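A quick write-up on the structure given underneath.
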Amino acid sequence: MSNGFDPFEDASLIVAHDESNAYDAVVPPIVQTSLFTFIDYDEMVASYRGEKVRPIYTRGLNPTVRMFEEMLAKLEGAEDAIGFASGMSAISSTVLSFVQPGDRIVAVRHLYPDAFRLFGTLLKRMRIEVTYVDGRDEEAVARALPGAKLLYLESPTSWVMHTHNVAALSALAKRHGVISTIDNSWASPIFQQPISLGVDLVIHSASKYLGGHSDVVAGVVAGSKELIGRIRSEAYPYLGGKLSPFDAWLLIRGMRTLPIRMKAHEQSTLSIAKRLQAHETVETVCYPGLANTLPNGLKGTSGLFSFIFKEGINVRTFSDRLELFKLGVSWGGHESLIVPGEVVLSQKAQPNSAVAFGISPRSVRLHVGLEGTEALWSDLEAAISAASAG
Ligand SMILES: *Cc1c(COP(=O)(O)O)cnc(C)c1O
């Protein structure tokens with residue numbers, strides 16, 4: 001090249017940039033690196049001995065991931081948090097850090113389907129037993145707890161949206177020396193802070209509201225330094241489901257608008273759920289926001305709910321006529337989505353979905369996005385009238 005610069009020989013392209021110099025950028029840099037080098041032997045040996053806390057390798061510690069973990073811990077009122085590559089990675093690494101063969105878990109009924117399948121397959125093979133109880137029945141939970149290692153909660157539950165008295169259930173767990181965990185993805189830390197209700201470990205699928213833009217799959221667990229430390233040192237490093245720096249950066253971006261998004265989801269969903277409940281074609285709406293009072297500890301309600309049509313409504317026509325509500329799994333993003341119950345029930349791998357998850361064939365699950373309440377209601381009304389016509 002005329003200026004003498006050879007991109008293949010100039011070391012300045014290869015040597016690390018000063019990562020502490022972020023140019024006073026309003027958005028943090030993505031520290032997209034697998035490893036971190038040491039100034040000298042002494043620094044390396046101090047890091048290995050744990051005398052100096054600094055990143056060594058991104059599976060262990062990465063500054064962008066750490067920033068997300070600290071933000072989430074703060075929102076949940078927890079001492080610490082740990083990020084994962086998915087919500088399921090968060091669930092499996094948490095559970096496997098506290099149980100061993102012969103142990104028993106008490107779980108509430110109608111769990112998130114893949115958590116239920118984890119318990120029924122891998123954990124079963126490891127001789128870990130799971131007792132399912134109705135989380136609304138505190139006496140049943142109390143009867144199941146003696147001798148258990150872990151209480152696994154989800155409130156509201158997936159699809160049927162049963163809510164539980166989380167404070168009462170975590171107090172029961174404490175009385176029996178059982179570690180309590182909860183999947184808090186639905187409420188998000190904006191509407192429910194389980195640590196303040198006495199729960200030990202709070203799990204999120206960050207793919208849902210924390211990310212909020214349907215562009216990341218991630219998970220996180222928050223809790224005390226001691227319990228998060230156990231996850232960090234036991235199952236986590238070896239299962240290796242690390243949150244990536246770029247995904248952490250997307251989550252940091254998403255979480256800035258979490259409070260206002262949650263308010264918008266709540267307002268729209270409440271309005272739509274009420275109109276559906278009053279509609280002549282609808283049998284039942286399963287949405288905690290419709291109760292006269294919210295259960296203890298729940299400060300608001302999000303955008304995911306299900307409802308059951310009366311006989312004679314063609315769910316296929318309803319689903320296909322919707323324009324703003326797209327057929328699609330997951331939820332928590334800006335967009336509105338529908339999952340018909342009969343499609344879930346047709347899944348070959350899970351013939352007992354109706355019992356395990358409480359799914360009725362005439363039910364549909366909706367996620368109410370941020371498109372605007374009246375536009376979404378018009379979409380639903382038009383699809384219902386098409387589906388009633390035969
Ligand atoms: C999606 C979801 C999960 C699993 O999270 P992934 O990020 O998809 O692995 C766990 N719990 C609930 C309630 C969910 O909706």
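Some observations on this one:
- Enumeration of residues in the stretch 243-256 that are outside any helix (DSSP H, G or I) and modelled with pLDDT of 95 or more: 243, 244
- Only one entry of 145, 201, 150, 172 meets the criterion of being crowded, with 23+ Cβ neighbours inside 10 Å, away from the ligand (no atom under 11 Å from the Cβ) and free of Cβ contacts under 8 Å to residues at least 60 places away in the same chain, and that entry is 150.
- Selection status of residue 358, surrounded by fewer than 22 Cβ atoms within 10 Å (Cβ to Cβ) and at positive phi: yes
- Yes/no for residue 87 being free of Cβ contacts under 8 Å to residues at least 40 places away in the same chain and within 16 Å of the ligand (Cβ to nearest atom): no
- Test: residue in the stretch 322-331 that is of a type in the set (Asp, Glu), within 16 Å of the ligand (Cβ to nearest atom) and part of a loop (DSSP other than H, G, I, E, B): no
- Residue in the stretch 209-232 that is within 14 Å of the ligand (Cβ to nearest atom) and among the polar types (S, T, N, Q) present: yes
- Test: residue in the stretch 43-51 that is outside any helix (DSSP H, G or I), within 28 Å of the chain's Cα centre (by Cα) and at pLDDT 80 or above: no
- Applying a threshold of 9 Å to beta carbon distances and a minimum spacing of six or more residues, or different chains, the list of pairs starting in the stretch 229-240 at a residue that is in the same structural domain as residue 98 (by TED's automatic domain parsing) and ending at one that is basic (Lys, Arg) and surrounded by 18 or more Cβ atoms within 10 Å (Cβ to Cβ) reads 236/242.
- Residues of the stretch 282-326 classified as in contact with a Ser or Thr (Cβ under 6 Å, 6 or more places away or on another chain) and farther than 15 Å from residue 341 by Cβ, total: 5
- Enumeration of residues in the stretch 134-162 that are in contact with a Lys or Arg (Cβ under 8 Å, 6 or more places away or on another chain) and under 25 Å from residue 299 (Cβ atoms): 134, 135, 157, 159, 162
- Among residues of the stretch 183-198 being more than 9 Å from the ligand (Cβ to nearest atom) and buried (at least 24 other Cβ atoms within 10 Å of the Cβ), the one that is farthest from residue 110 (Cα to Cα) is 189.
- Single match in 180, 170 (criterion: part of a strand (DSSP E or B), touching a Gly at 6+ places or on another chain (Cβ under 9 Å), under 22 Å from residue 97 (Cβ atoms) and small (Gly, Ala, Ser)): 180
- In this entry, residue 117 passes the filter for residues that are at pLDDT below 95 and of a type in the set (Lys, Arg).
- Residue check for residue 117: within 22 Å of the chain's Cα centre (by Cα) and surrounded by fewer than 22 Cβ atoms within 10 Å (Cβ to Cβ): yes
- Failed item in (1) crowded, with 17+ Cβ neighbours inside 10 Å; (2) in a helix (DSSP H, G or I); (3) within 16 Å of the ligand (Cβ to nearest atom), with residue 156 passing the rest: (2)
- First in the stretch 121-140 and over 17 Å from residue 98 (Cα atoms) and in a helix (DSSP H, G or I), second anywhere and of a type outside the set (Gly, Ala, Ser) and at pLDDT 95 or above, Cβ under 9 Å, 6 or more apart: 138/164; 138/165; 138/169; 138/172; 140/133; 140/134
- Flag set for residue 274, criterion: in contact with a Gly (Cβ under 9 Å, 6 or more places away or on another chain), modelled with pLDDT of 95 or more and surrounded by fewer than 17 Cβ atoms within 10 Å (Cβ to Cβ).
- The conditions of being under 23 Å from residue 344 (Cα atoms) and in contact (Cβ under 8 Å) with a residue 60 or more places away in the chain are met by residue 306.
The values are calculated or read from the model by the stated rules, or taken from the named source; none is laboratory data. Every value quoted in this text rests on a predicted model; they were computed, and no experiment measured them. Here Cβ is always computed from backbone atoms with ideal geometry, including for glycine, and neighbour counts include all displayed protein chains.
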